[in-house]
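Below is one structure; the comments refer to it alone.
The values are calculated or read from the model by the stated rules, or taken from the named source; none is laboratory data. It should be emphasised that the depicted structure is a prediction, and the values quoted were computed from it without experimental measurement. Cβ sites come from the backbone with ideal geometry, for glycine too, and all protein chains shown count toward neighbours. Calculation scope for accessible area: heavy atoms of the full protein, side chains included, ligands and nucleic acids excluded. Shrake-Rupley method; radii C 1.70, N 1.55, O 1.52, S 1.80 Å.
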Amino acid sequence: MTPEQARAALNAASRVAVLTGAGVSAESGIPTFRDAQTGHWARFRPEDLASPGAYHQNPALVWDWYAGRYRDVLAAQPGGAHLRLAELERRKGQGFFLATQNVDGLHGRAGSGQAGGRLVELHGNLVSGRDEVTGEIFPLPAPDELVTPPTSPRGHRMRPNVVWFGEFLPEDALADAQLAFAQAEVALVIGTSGVVYPAAGLAFKTLNRGGVVIELNPEATELTPHVTFSLRDVASRGLDTLMGPA
Ligand code: OAD
């Protein structure tokens with residue numbers, strides 16, 4: 001497949017599913033996880049910060065890290081890739097589904113999920129907390145008013161509303177994403193290393209049903225050998241190539 005054929009396939013498809021990872025927010029200045037120099041996991045061990053065991057052992061340390069990331073993402077702005085994906089939803093309407101592994105909320109702020117399609121945050125988000133007793137989700141106070149660990153309106157401690165290593169994804173969000181990828185004529189997989197399951201497995205739902213999977217990433221990934229076509233570029237410019245003029 002050539003870039004022109006990929007663009008034609010995307011243009012013709014009425015059902016489009018998109019999976020995004022940290023790479024779509026790199027151009028907004030948010031660090032990825034696995035990039036050798038700047039990724040979070042180059043500086044911290046995941047099991048020290050993003051696991052139930054770490055939280056149990058040191059909730060203050062874990063909350064400090066999440067509160068810092070919460071501050072950083074609110075200071076960041078949606079980038080070209082977020083904006084173009086919101087535009088793709090406006091073009092496709094109900095046939096559009098965006099599943100993100102990102103917890104930064106930038107897709108929603110760019111307008112995704114607001115033009116007839118769906119946005120699901122498979123790994124949760126940084127802007128809310130979860131009551132440790134009832135499981136209810138509440139927005140966090142503004143970063144400069146946030147006292148950690150925060151307390152829910154029910155009076156219980158809240159944990160970050162994100163999925164940690166060893167935990168399950170929200171069941172409904174995952175089931176809806178799996179269905180959307182199985183039904184998609186074209187799936188885009190953008191800015192993810194494709195190593196974290198079950199999110200990475202979504203691409204195979206499309207491939208197994210004969211759909212086209214287009215990867216957009218400046219580097220080769222674990223998914224590259226399996227996809228229909230890989231476009232080696234940063235997310236914003238690659239979407240310009242695939243979508244044509246705004
Ligand atoms: P990774 O850090 O594993 O991968 C980021 C990907 O983005 C890499 O493949 C980069 O090549 C690519 N990339 C970097 N800059 C880019 C750009 N400007 N445009 C497009 N792509 C670019 O991040 P994820 O795949 O999102 O999970 O990581 C998956 C999950 O692992 C995360 O959701 C997180 C982490 O542990 C949880 O916290 C549960």
Practice problem: Quick one: Debye curve from the alpha-carbon atoms of region 146-188 only, equal weights, vacuum; give me log10 I(q)/I(0) at q = 0.16, 0.17, 0.21, 0.26 Å⁻¹ to two decimals. | Solution: -0.65, -0.69, -0.80, -0.94
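Summarise the long-distance tail of P(r) for the chain by giving the % of C-alpha pairs beyond 34 Å.
On the way: 4743 of 30135 pairs.
More than 34 Å apart: 16 percent of the Cα pairs in the chain.
For region 91-246, what does the accessible surface come to per residue with a 1.4 Å probe? Please give it in Å². Display every interim value, and only then the final one.
Values: 7030 Å² over 156 residues.
I get 45 Å² per residue for region 91-246.
What does the net charge come to around Arg15 if you take all other residues with beta carbon closer than 10 Å to its beta carbon, with K and R at +1 and D and E at -1?
Working: positive: Lys92; negative: Glu185.
That works out to 0.
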Quiz prompt | Derived scalar couplings ³J(HN,Hα) [region 80-97; Karplus, 6.51 cos²θ - 1.76 cosθ + 1.60; whole Hz; x for Gly, Pro] | solution = x, 5, 4, 5, 5, 5, 5, 5, 4, 5, 4, 6, 9, x, 4, x, 9, 9
Quiz item: Add -39500 (n - 2.57) for each DSSP H run of 4 or more in the chain, then divide by its residues: what number comes out at 222 nm, to the nearest 500 deg cm²/dmol?
Solution: -10000 deg cm²/dmol
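Of all the accessible heavy-atom surface of the chain, with the other protein chains kept in place and a 1.4 Å probe, what percent is carbon and sulfur? Mind dumping the intermediate values first?
Values: 5850 of 11480 Å².
Whole-percent figure for carbon plus sulfur exposure: 51.
Determine the sum of side-chain charges near Glu185: Lys and Arg each +1, Asp and Glu each -1, restricted to other residues whose C-beta is under 12 angstrom from that of Glu185. Show your work: numbers first, answer last.
Numbers: positive: Arg15, Lys92, Arg209; negative: none.
Local net charge: +3.
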Self-check item: On Cα atoms only, tilt of 171-183 relative to the major axis of the chain in degrees
Solution: 10
Exercise. Output the peptides 14-27, 133-146, 47-60, 87-100 sorted from most to least packed, where packing is the average of other Cβ atoms within 10 Å over each peptide's residues.
Key: 14-27, 87-100, 47-60, 133-146
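Enter the per residue convex hull volume of region 112-234, computed from alpha-carbon coordinates, in Å³ rounded to the nearest integer. Can you show the working numbers first?
On the way: hull volume 18.4 nm³, N = 123.
Looking at region 112-234, the number lands at 149 Å³ per residue.
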Exercise. Kindly express, to the nearest 10 degrees and within the range 0 to 90, the angle between helix 3-12's C-alpha long axis and the longest C-alpha principal axis of the chain.
Key: 80
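What net charge do the residues around Val133 carry, taking every other residue with its C-beta under 15 Å from that of Val133, with Lys and Arg at +1 and Asp and Glu at -1?
Working: positive: Arg130, Arg154, Arg157, Arg159; negative: Asp131, Glu132, Glu136.
Summing Lys/Arg as +1 and Asp/Glu as -1 gives +1.
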